[in-house]
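The values are calculated or read from the model by the stated rules, or taken from the named source; none is laboratory data. Note that this is a predicted model, so its numbers are computed, not measured. Note: ideal-geometry Cβ built from the backbone for every residue, glycine included; neighbour counts use all protein chains shown. Areas reflect the complete protein model, heavy atoms only, side chains present, ligands, DNA and RNA absent. Shrake-Rupley method; radii C 1.70, N 1.55, O 1.52, S 1.80 Å.
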Amino acid sequence: MITAQHGGPDALGVPRWDFSTNANACGPCPGALAAVQQADARHYPDPAYTALREVLAAFHAVDAVRIVLAGSASEFIGRFTAWVAREGGQRVWLPMLAYGDCGRAAQAWHFEQVLDPAHAHLAWLCEPSSPLGQAEAMAQRVAASGARVVLDRAYEPLRLSGRCSLEPAALQQVWQLWTPNKAMGLTGVRGAYAIAPERAVAEVRALNQLAPSWPLGAHAVALLDAWVSPTAQDWLAQSLETLRDWKREQLDLLSNLGWTVLPSDANYLCAAPPSPLDVHALRTAGIKLRDTTSFGLPGHWRLGVLPPEAQAALHMALREQERVA
């Protein structure tokens, strides 16, 4: 059984220095935060989300009929897997290291995991990948496999280097899943959307029929609407420059402490410490990292890029562990 694990707050509350999430550490985006705070929670949103679909479609230069709204990426993963299973799908391809919800959904519907995407009915991609933040070596092969392919693009807005492995024409043939709450630094507001492949009208209709009523509340609508605004996109572009500087500093910090750091194109990275960590002591010091064992990468930790003051706290705590070891 695949156990659900997540970064972020835990039973002790919100960590003061939370390296365990991939949210934009420059956030929250002021415009998006204001939109969420001003959302009219007294009323239901439009159940068809007509205006929201149109602004999202315009932002991505696609037809509004291709937009599928979801309560979150995890909700979409579960719903999409259920739909493929209903259509007769039985085999799934997953990256070697992947977000656990994809595997849990496949397991719940008794999918057989296969190594060759050509034999799969359903395939999941993520770029930049999670937890590594890298390109997916199998991306082009998977996209051309004939399976129903979903590309999770949650971290594309937080890409600090590199580029997507799929060319624009290939992107139009896969499902693209977007969760902008990370880029906006507002992960507590749940809301996502997918862009269907070209000429997938029937599939969109089927997925919409499987959705609960009002998958998005007023606050999620406000966030997604703000996300595509020029103001938010300008803020995001500026934040990426800051994150690049912070990432260079964080890489130097970890390397100087003897950590083995893996390459990453995103605002997070995976690294292995030179000796086992005292996780309890770190958490007591207000620091939380993300154990990547559940992703399939034991012995490593994923760290979101945080500002210098957080890095200084991490440095002090790790030095203290060295001292008492």
Handout entry: Cβ charges +1 (Lys, Arg) and -1 (Asp, Glu), total dipole of segment 1-65, debye
Key = 140
Fill in the blank from the handout: Reported to the nearest 10 Å², Trp246 has, with a 1.4 Å probe, an accessible area equal to 40
Handout entry: Given charges at beta-carbon only (K, R positive; D, E negative), |dipole| of the chain in Debye
Key = 360
Completion exercise
Measuring from the longest principal axis of the C-alpha atoms of the chain, the long axis of helix 230-256 (C-alpha) lies at a number of degrees, nearest 10, equal to 40
Exercise for the section: For segment 65-196, report the translational diffusion coefficient in µm²/s to the nearest whole number, using Stokes-Einstein at 25 °C, 0.890 mPa s, and a Kirkwood Rh over Cα pairs. Expected result: 166
Problem - Estimated dipole of segment 228-295 in Debye, rounded to 20 [Cβ of Lys and Arg +1, of Asp and Glu -1, Cα centre] - result: 200
Problem - Acute angle (nearest 10 degrees) that the helix 50-60 long axis makes with the longest principal axis of the chain, alpha-carbon atoms - result: 60
Exercise for the section: Of the options Gln209, Leu236, Cys164, report the single residue whose Cα projects farthest towards the positive end of the charge dipole of the chain (beta-carbon charges: Lys, Arg +1; Asp, Glu -1). Expected result: Gln209
Exercise for the section: Taking the convex hull of the Cα atoms, report for segment 245-325 its projected area averaged over all directions, in nm². Expected result: 5.1
Exercise for the section: Specify the residue with the greatest mean-square fluctuation among Ala123, Ala196, Ala82, computed from a Gaussian network of the chain linking alpha-carbon atoms under 10 Å apart. Expected result: Ala82
Problem - Cα-based Kirkwood hydrodynamic radius, segment 1-89, one decimal, Å - result: 17.0
Handout entry: For the chain, the Rg and Dmax computed from alpha carbons only, in angstrom
Key = 19.9, 62
Exercise for the section: Kindly express, to the nearest 10 degrees and within the range 0 to 90, the angle between helix 308-324's C-alpha long axis and the longest C-alpha principal axis of the chain. Expected result: 50
Problem - Separation of alpha-carbon centers, segment 175-220 and segment 63-102, rounded to whole Å - result: 11
Practice task
Please give the contour-minus-distance gain from Ala82 to Leu240: 0.36 nm per residue of separation, less the Cα-Cα distance, rounded to one decimal in nm.
Solution key: 53.3 nm
Handout entry: Computed over segment 192-309, Kirkwood Rh from alpha-carbon pairs, angstrom
Key = 18.1
Problem - Simple label model, 7 Å out from Cα along Cβ direction - Glu198 to His315, nm - result: 5.1
